[in-house]
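**Student:** Please see the structure below; I have some questions.
The values are calculated or read from the model by the stated rules, or taken from the named source; none is laboratory data. These numbers were taken from a predicted model, which means no experiment stands behind them. Positions of Cβ are backbone-derived with ideal geometry, glycine not excepted, and every protein chain shown enters the neighbour counts. For accessibility, only protein heavy atoms count, side chains too; no ligands or nucleic acids. Shrake-Rupley method; radii C 1.70, N 1.55, O 1.52, S 1.80 Å.
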Amino acid sequence: MTPLRAWILVAVAVAGVSSSGPITAGSLAPVVAIAFWRNLAGAGISGVWALFRDRHGLAGLERKTFWLAVVSGLVLAAHFTSWFASLRMTSVAASTALVSTTPILTVGFDLARRVPVPRAVLIGVGVSMVGVVAITGVDAGRSGRALAGDGLALFAAAAMAVYMLAGTQVMRTTSPAVYTLVAYAACATVLLPAALVSGTQLTGFSTRTWLEIVTVTIAAQVLGHTLFNVTLPHVGATPLALAILLEVPGASLLAWAYLGEAPPLAVLPGAVLMLLGLVVVVRSRAGDLGDPVGEVGAPPGLPGAGGQHDHEQSVEAPQPRS
């Protein structure tokens, strides 16, 4: 694959994951329903891939690895439901920016484990945290509901950090397809009884609502994450991690076009400051770890989660958040 083609595919993937926030915020479907159908579809696609391309890995999955992947899926359910709820309580710009703070939280995990963290990374974290405080300060002035939405977005970022760290451990002994099959299936499995117990509607939606669920599933869960994985060996982990940060302005612009929700001007300085700090964190972590290659989008992610201790990856999107 040529570099130009790889970067074109990265651009398509960023556009795909950027669509998640605006579509979810504007959809009439309950957040649990959107998360359930997305993960059920993701498990089906991963299952087909594992069945035809990695039967050996599927058959040889160890019990300990299986249950760790299950726990990862349960945490993923918490990530999706909290972030989707956040999107409906505050602006897409603020929610998407705050849910992108996962790299900051993985650094916090390293500090808690007394893993050495480079000074440049700590500086980047500090800059990002100033941006986070600025964003939440603006929302606190807007309404209590918006501030609660910020809190849910930060909780979703913490859940994604746990999801990525668990995924990093699982993928030491299994493939992305097998891991995502178990994690997505576990996520959908726990969301189904949650919906039934709470009386949440899972079917009977309008045609438009079903199209929104299908679109966000294909664009973010399938197309976006798949293209991140495909292009990772060709563009490198650090450049891809930086490219994924473009989801924040991408989602904000799409929310403006799709929902008529202009990004709050008061939020923009904090969002820019937070993203600049994340750029420092990602670049500094890559240098510290020798720019390792990890799994992007589906979860384990990009340079930075495991720290020097593991010589590991991390930082989804990402991920999968989208």
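**Student:** Give a residue-ordered list of calculated ³J(HN,Hα) values for the stretch 172-184 (Karplus: 6.51 cos²θ - 1.76 cosθ + 1.60, θ = phi - 60°; whole Hz; x for Gly, Pro).
**Tutor:** Karplus-based 3J(HN,Hα) across the stretch 172-184 equals 6, 10, 9, 8, x, 5, 5, 4, 5, 4, 5, 5, 5 Hz.
**Student:** Sticking with this structure for a sec: Find the relative contact order for the stretch 95-204 and round it to a whole percent, using C-alpha pairs within less than 8 Å whose residues are 6+ positions apart. Can you show the working numbers first?
**Tutor:** Numbers: 45 pairs, mean separation 36.3, N = 110.
It comes to 33 percent, rounded to a whole number.
**Student:** Express in whole angstrom the spacing between the alpha-carbon centres of the stretch 1-47 and the stretch 215-251.
**Tutor:** 9
**Student:** If N is the number of residues in the stretch 101-162, what value comes out of its Cα radius of gyration divided by 2.2 N^0.38 Å?
**Tutor:** Working: Rg = 13.1 Å, N = 62, 2.2 N^0.38 = 10.6 Å.
Cα Rg divided by the expected 2.2 N^0.38 Å: 1.24.
**Student:** Which distance in nm do the two modelled labels at L276 and S206 give, with both placed 7 Å along the Cα-to-Cβ direction?
**Tutor:** Using points 7 Å along Cα→Cβ, the separation is 4.3 nm.
**Student:** Can you give the log10 of the normalised intensity I(q)/I(0) at q = 0.19, 0.23, 0.25 Å⁻¹, computed with Debye over equal Cα scatterers of the stretch 84-127?
**Tutor:** Calculated log10 I(q)/I(0) at the listed q: -0.65, -0.77, -0.83.
**Student:** Now a separate question. Once Lys and Arg get +1 and Asp and Glu get -1 on their Cβ, which of A59, W7, S27 lies farthest toward the positive end of the dipole of the stretch 7-95?
**Tutor:** Checking the options against the dipole of the stretch 7-95, the answer is A59.
**Student:** Right, something else. The stretch 1-145: percent of C-alpha pairs farther apart than 19 Å? Display every interim value, and only then the final one.
**Tutor:** Details: 7278 of 10440 pairs.
That tail contains 70 percent of the Cα-Cα pairs.
**Student:** So what's the gap between the Cα centers of the stretch 63-109 and the stretch 159-205, to the nearest angstrom?
**Tutor:** Taking the Cα centre of the stretch 159-205 as reference, the centre of the stretch 63-109 is 11 Å away.
**Student:** How big is the Rg/Rh ratio for the stretch 77-206, C-alpha atoms only, Rh by Kirkwood, two decimals? Write out the running numbers ahead of the final one.
**Tutor:** Details: Rg = 17.2 Å, Rh = 16.6 Å.
Rounded to two decimals, Rg/Rh equals 1.04.
**Student:** Going by a ≥ b ≥ c, the root eigenvalues of the Cα gyration tensor, does the stretch 238-280 fall in the rounded group (a/c under 1.5), the prolate group (a/b larger than b/c) or the oblate group?
**Tutor:** oblate
**Student:** Per residue, how much accessible area does the stretch 91-231 have with a 1.4 Å probe, in Å²?
**Tutor:** On the way: 5640 Å² over 141 residues.
Per-residue value: 40 Å².
**Student:** In addition: At 1.4 Å probe size, with the rest of the protein present, what percent of the exposed accessible area of the stretch 1-46 is carbon and sulfur atoms?
**Tutor:** On the way: 1360 of 1700 Å².
Reported share for carbon and sulfur atoms: 80 percent.
**Student:** Now for a different question. Taking only DSSP H segments of four or more residues, each worth -39500 (n - 2.57), what value at 222 nm results for the chain once the sum is divided by all its residues, to the nearest 500 deg cm²/dmol?
**Tutor:** Numbers: 17 runs with 241 residues, N = 322.
Mean residue ellipticity, 222 nm, calculated: -24000 deg cm²/dmol.
**Student:** Using a simple spin-label model with points 7 Å from Cα along the Cα→Cβ vector, what separation in nm is obtained for V230 and R5?
**Tutor:** For V230 paired with R5, the spin-label model returns 1.0 nm.
**Student:** How large is the accessible surface per residue of the stretch 1-74, computed with a 1.4 Å probe and reported in Å² as a whole number?
**Tutor:** Values: 3910 Å² over 74 residues.
Accessible area per residue: 53 Å².
**Student:** A further question follows. Counting alpha carbon pairs within less than 8 Å and at least 6 residues apart, what relative contact order, in whole percent, applies to the stretch 27-133?
**Tutor:** Numbers: 23 pairs, mean separation 23.9, N = 107.
With pairs under 8 Å counted, the relative contact order is 22 percent.
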